[in-house]
Structures are given as C-alpha cells and as structure tokens.
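Right, one structure below, let's go through it.
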Amino acid sequence: RRKASALGHENERSARGTAFAIETLGPLQSHIKEGDAPGLQDLITTLTPRMAKLEDDDGGRELGELAGIVRALYNDAVVKARSWREVLATMRAVVETMEAGKVSRRDAKRLFGAVKEGCITGLSVHKSDAELTGKLEEAFLSFYIGDGAYGNRVQREIVHRVCQCSTLHHLDFTDM
C-alpha cells in the first residue's frame with residue numbers, strides 16, 4: 001500500500017513537472033522566435049523564482065526528463081534578454097544623441113552595429129519598441145541624406161524594411 005501511495009505521489013509530481021515544463025517551454029520559445037524583448041523579460045521575471053526554487057529544492061528532479069531542456073532554454077532566454085536589453089539601450093542612446101543635432105558618421109556606424117546585432121540575435125525592434133523603430137528610420141534617413149544621398153522612395157523603403165524586420169534573411173527586395 002505504501003509503495004502504491006509513493007508511486008502515486010511520484011506520478012503526480014512528474015505530471016506537475018511535465019505540465020510546468022510544457023507551459024514554460026511554449027511561451028519562452030514564442031517570445032524568442034518573435035523577438036519580443038519586453039515579453040521575454042516579463043516571462044523571465046515571472047519564471048526566475050520558480051526556476052531558482054527548482055534548483056534549490058531537488059536539482060530539477062520535479063521536471064523529470066524535461067529538466068535539462070527547460071533549464072537550457074531558460075538560461076538561453078536569460079542571455080538573449082540581456083543581449084536584447086543592451087542592444088535596445090545602445091539604440092536609444094544613439095538615437096537620443098542624433099536627435100540633438102547633426103548625425104555623425106560615428107553615431108550612424110554605432111547605430112547600424114546595434115541594428116545588425118539585434119538582427120543577428122533575432123530581436124524585433126518593431127515588437128519591442130515601435131516608437132524606437134520610427135526614430136531609427138528617421139536617424140538613418142537623416143544620415144544618408146546628410147551624407148549626400150538622395151532620399152528617394154526606394155531608399156526610404158529599404159531603410160523601413162530593415163528597421164521593421166527581426167532577421168535580415170527575411171528581407172526580400174525583389175518586388176522593388
């Protein structure tokens with residue numbers, strides 16, 4: 001009888017762990033795939049106490065076979081969220097300095113580097129901060145026009161598409 005009871009408790013704990021793993025994996029993957037920095041940060045903030053408790057209490061045994069997967073994805077999400085925060089902070093800082101006056105080549109290079117880093121890591125600036133996306137477009141166009149380029153419709157569309165996408169390989173300019 002005790003064995004049956006213990007086995008029942010173990011099965012119940014395993015079922016709870018599996019349910020927690022499934023409800024954790026889906027949203028984490030979704031926010032990472034969408035490049036949604038604020039959503040990912042909110043989810044990490046919510047999950048951190050529970051993940052710490054799982055580590056302290058039983059080393060993740062409650063999650064069973066999925067413990068390694070959940071831990072790995074959670075740790076990856078924490079690193080990605082930190083990287084995205086840094087990229088967004090750089091973008092905001094550069095855009096602020098650009099709004100104050102003429103756009104310098106150094107600022108444009110720094111901003112382009114931040115946009116490139118964001119695209120490489122899958123950050124969607126549009127989903128994370130729609131207002132910043134518009135400011136990025138204005139800053140790039142201001143730099144290119146100030147540098148002697150003629151800001152025609154095609155150039156504006158290219159800048160717009162680059163600022164709206166989360167990964168550069170999704171860009172398609174064949175319809176231009």
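The values are calculated or read from the model by the stated rules, or taken from the named source; none is laboratory data. Everything quoted here is computed from the prediction, not taken from an experiment. Using ideal geometry, Cβ is built from the backbone for each residue, glycine included, and neighbour counts are taken over all protein chains shown.
Quick check, is Ile120 among the aliphatic types (A, V, I, L, M), modelled with pLDDT under 75 and not assigned by TED's automatic domain parsing to the domain that holds Ala77? Here the answer is no, as Ile120 does not meet what is asked.
Here is a yes/no grid of residues against (1) in contact (Cβ under 8 Å) with a residue 24 or more places away in the chain; (2) part of a helix (DSSP H, G or I); (3) closer than 24 Å to Ile32 by Cα:
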position	(1), (2), (3)
Val94	yes, yes, no
Arg106	no, yes, no
Val115	yes, yes, yes
Ala139	yes, yes, no
Ile145	no, yes, no
